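Data first, discussion second: the structure below is written as structure tokens.
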């Protein structure tokens, strides 16, 4: 009876009923706050500088949000983050171990030689919605496209171009082909760059042969450069010598022309005198010539005025000048320039 009384008194206590109602209200308030906080945490999202977000409403993409703080409807909209930084993958070798992958690296050239070529492909997301929904594995598709165009392009070049001189051209051709096919497929990826990391023959013997060829080419370039250097040094000197010789020849030419013109002038003057007095002019010319030809010889001219009979060099017969003797006969007189006769 006492226990029943205690239980009965507890059930019928108004103060206890009031406390129970407050606890229930507080619990409901706390639960509501928790729900609000939970829903609020799902309603806001933040996008970084190198990210984009695809917001779907009931599974349908609705928009792409830019970096910053954004709001979405909880349980109705879903946000998928997409990384837009530049990424890359290798073709022909393992990026982690740096070991060659023969199935990807081994290729055949246009001159039917085998060669190992390694590539590195860089790409980024250009359209997040198409990256998520246009294809199931867009990066794998890009890698397959790259391998296809790499092989087709390498097969169009000879082995020397692939290993040495044609790398830049090959990279440009492959890039154009991949970009064109990505635009056609429209899977939301953009090719940034593709580079040849390494290209070499598959065997050591062939590799040494190509190294020897490359060394010979470098030596050829060195010889050509040295020859051009010598030409650039020797050509100005030769041109200077040629200019000097030409100027000397011009000077000699002018001197001879001047000399010839002087001789012509003297001849014309002498001819004018000859026309006036032929005999006197001939005699004077004869005497002047003999003075030039025989400057150190004494000459006796014998004969009549009109007929010269002899020209005798006396020094060769008489010895020295002191021993010379005057001839016993008188020399005939010869008319001078004025017409007088000298005895």
Fill in the blank from the handout: Those residues of segment 89-138 which are assigned to a loop (DSSP other than H, G, I, E, B) and under 22 Å from residue 163 (Cα atoms) amount to 92, 94, 95, 98, 99, 101, 109, 110, 111, 112, 113
Problem - From the options 176, 184, 208, 221, residue that is over 20 Å from the mean Cα position of the chain (by Cα) and not assigned by TED's automatic domain parsing to the domain that holds residue 107 - result: 208
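Okay, residues lined up against (1) buried (at least 16 other Cβ atoms within 10 Å of the Cβ); (2) in contact with a helix residue (DSSP H, G or I) (Cβ under 8 Å, 6 or more places away or on another chain); (3) in the same structural domain as residue 50 (by TED's automatic domain parsing):
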site: 101; (1), (2), (3): no, no, no
site: 108; (1), (2), (3): no, yes, no
site: 145; (1), (2), (3): yes, yes, no
site: 150; (1), (2), (3): yes, yes, no
Fill in the blank from the handout: Flagged in segment 56-99 as surrounded by 15 or more Cβ atoms within 10 Å (Cβ to Cβ) and at positive phi, in numbering order, are 92
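The values are calculated or read from the model by the stated rules, or taken from the named source; none is laboratory data. The shown structure was predicted, so the numbers you read here are calculated from the model rather than taken from an experiment. All Cβ positions, glycine included, derive from the backbone under ideal geometry; neighbour counts span all protein chains shown.
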